[in-house]
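Visitor: Please see the structure below; I have some questions.
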Amino acid sequence: MEPNTKRKGEAYLGLDIGGQSIRGFRLEGDGSISARSAKVTPAALGAEAVLGAIASVVAELRAVGPVAVVGVGTPGGVDPEGRIVGEAANIVGWRGVELAAAVSRAADAPARIRNDGNLAAYAEWAARGGASKALLFVGLGTGIGGGFVDGGRILSGVDDKALEIGHIIVHPNGRPCACGRSGCVEAYAAGPSMGRLAVELAPRYDTALSRDARSGASINAREVYAAFARGDELAKEVHAIAAEALSRAIGIALAILAPDTVVLGGGVLVGAKSLVSDVAALAPRYVYEAASEGLRFEGALLGPDAGLLGSALYGASAALSLEELFALSSRVRANLAD
Ligand SMILES: [Zn+2]
């Protein structure tokens, strides 16, 4: 028996809507990616313009053939009807937009919308093919997001806002955060935050990184970790501060969620391999002992396509058994590795 016969010729679209770009790909049932499309997000032009750009991405992907379902990841909150809650992604007038309905019209297929951090967690969970039951994902980039998947179910909370792990306060009265509070982990361990730390601490050091920082060069996590790899003492201190903050936040999450696997991913992790091992050593100090028994800390298996893959696989999960989903996920990973 061929379990996929009835869906032959149909594909799953994955979309990732960010403040900078709208990206999409078309995932065939055999795990191949048959089309990709990307547009700059016209965030300043408002919601109608952004919906227009999304529709043109969908139209390019749909030109190849019919679509079974579309999965969509977007920053911020999403209600159960696929409407945008709040003002995420800096898109003018984005609040209240009926995103599921708009995408569904463009694709002539059902659309499933979720928070992007939750979908990245879903992709990492699916990529492990059943090796993890309960997976906590922490994505370190411009900000810090996350997601938690337990037995294939995404923990959503109200309007998909669960796992805003970046805004766990790890230092009361600490560094200011973009959210308006002080001491959030995002103010220490997101990419730009590490850059700001390096600039502020630079006067205490005489290293290559400190000289760059004092000369006004743009410093982000990438520059910090390039210097870290050369043994730069300032980079080591910034890394230690970030790892400590991250470990405190993850310790809190461990006590509440009881994952078997913690995955660190996002752009900051490129070149920052020691972050995973250092957090693995530190985080258990911030939670009761039994919570870290048998716990694994891992780097993300998926690269920059994690969001797209999470969107497509989450969309597909409505139609597939777990075994079929894991098989599809492993075929895609093999194709992406080629
Ligand atoms: Zn915050």
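The values are calculated or read from the model by the stated rules, or taken from the named source; none is laboratory data. Bear in mind that the values here come from a model prediction, so they are computed numbers and not experimental data. Methodologically, a virtual Cβ is constructed for each residue, glycine included, from the backbone with ideal geometry; neighbour enumeration extends over all protein chains shown.
Visitor: I need a count of the residues in segment 107-132 that are more than 21 Å from V97 (Cβ to Cβ), in contact with a helix residue (DSSP H, G or I) (Cβ under 9 Å, 6 or more places away or on another chain) and part of a loop (DSSP other than H, G, I, E, B).
Guide: Number of matching residues: 4.
Visitor: Next question, about the same structure. How many residues does segment 238-274 contain that are of a type outside the set (A, V, I, L, M) and either assigned to a helix (DSSP H, G or I) or without any contact (Cβ under 8 Å) to a residue 60 or more places away in the chain (or both)?
Guide: 9
Visitor: Take the conditions in the same structural domain as I22 (by TED's automatic domain parsing), buried (at least 23 other Cβ atoms within 10 Å of the Cβ) and not in a loop (DSSP other than H, G, I, E, B) and apply them to V103. Does it pass?
Guide: yes
Visitor: On to the next question. All but one of (1) of a type in the set (A, V, I, L, M, F, W, C); (2) at pLDDT 95 or above; (3) over 19 Å from V263 (Cβ atoms) hold for F148; which doesn't?
Guide: Status for F148: all satisfied but (3).
Visitor: To continue, here is another question. What's the number of the condition L309 fails, among (1) surrounded by fewer than 23 Cβ atoms within 10 Å (Cβ to Cβ); (2) over 26 Å from S182 (Cα atoms)?
Guide: (1)
Visitor: I've got another one for you. Return the residue satisfying two criteria in turn: it lies in segment 150-171 and is away from the ligand (no atom under 13 Å from the Cβ) and closer than 18 Å to A249 by Cα, and of such residues it is surrounded by the most Cβ atoms within 10 Å (Cβ to Cβ).
Guide: First, the residues of segment 150-171 that are away from the ligand (no atom under 13 Å from the Cβ): 150-163.
From what is left, the residues that are closer than 18 Å to A249 by Cα are 155, 161-163.
Numbers: L155: 16, K161: 16, A162: 18, L163: 25.
Per the stated criteria, the residue is L163.
Visitor: Out of segment 179-201, which residues are surrounded by fewer than 17 Cβ atoms within 10 Å (Cβ to Cβ) and not in a helix (DSSP H, G or I)?
Guide: Across segment 179-201, the qualifying residues are C179, G180, R181, S182.
Visitor: Any chance segment 311-327 includes a residue that's under 30 Å from E244 (Cβ atoms) and assigned to a loop (DSSP other than H, G, I, E, B)?
Guide: Scanning segment 311-327, I find no residue that is under 30 Å from E244 (Cβ atoms) and assigned to a loop (DSSP other than H, G, I, E, B), so the answer is no.
Visitor: Conditions: (1) more than 16 Å from the ligand (Cβ to nearest atom); (2) outside any loop (DSSP other than H, G, I, E, B); (3) small (G, A, S). G145 meets all but one. Number of the miss?
Guide: Unmet for G145, out of (1) more than 16 Å from the ligand (Cβ to nearest atom); (2) outside any loop (DSSP other than H, G, I, E, B); (3) small (G, A, S): (1).
Visitor: Right, next: Kindly provide the set of residues from segment 186-199 that are within 13 Å of the ligand (Cβ to nearest atom) and under 16 Å from the mean Cα position of the chain (by Cα), ordered by number.
Guide: Scanning segment 186-199 gives E186, A189, A190.
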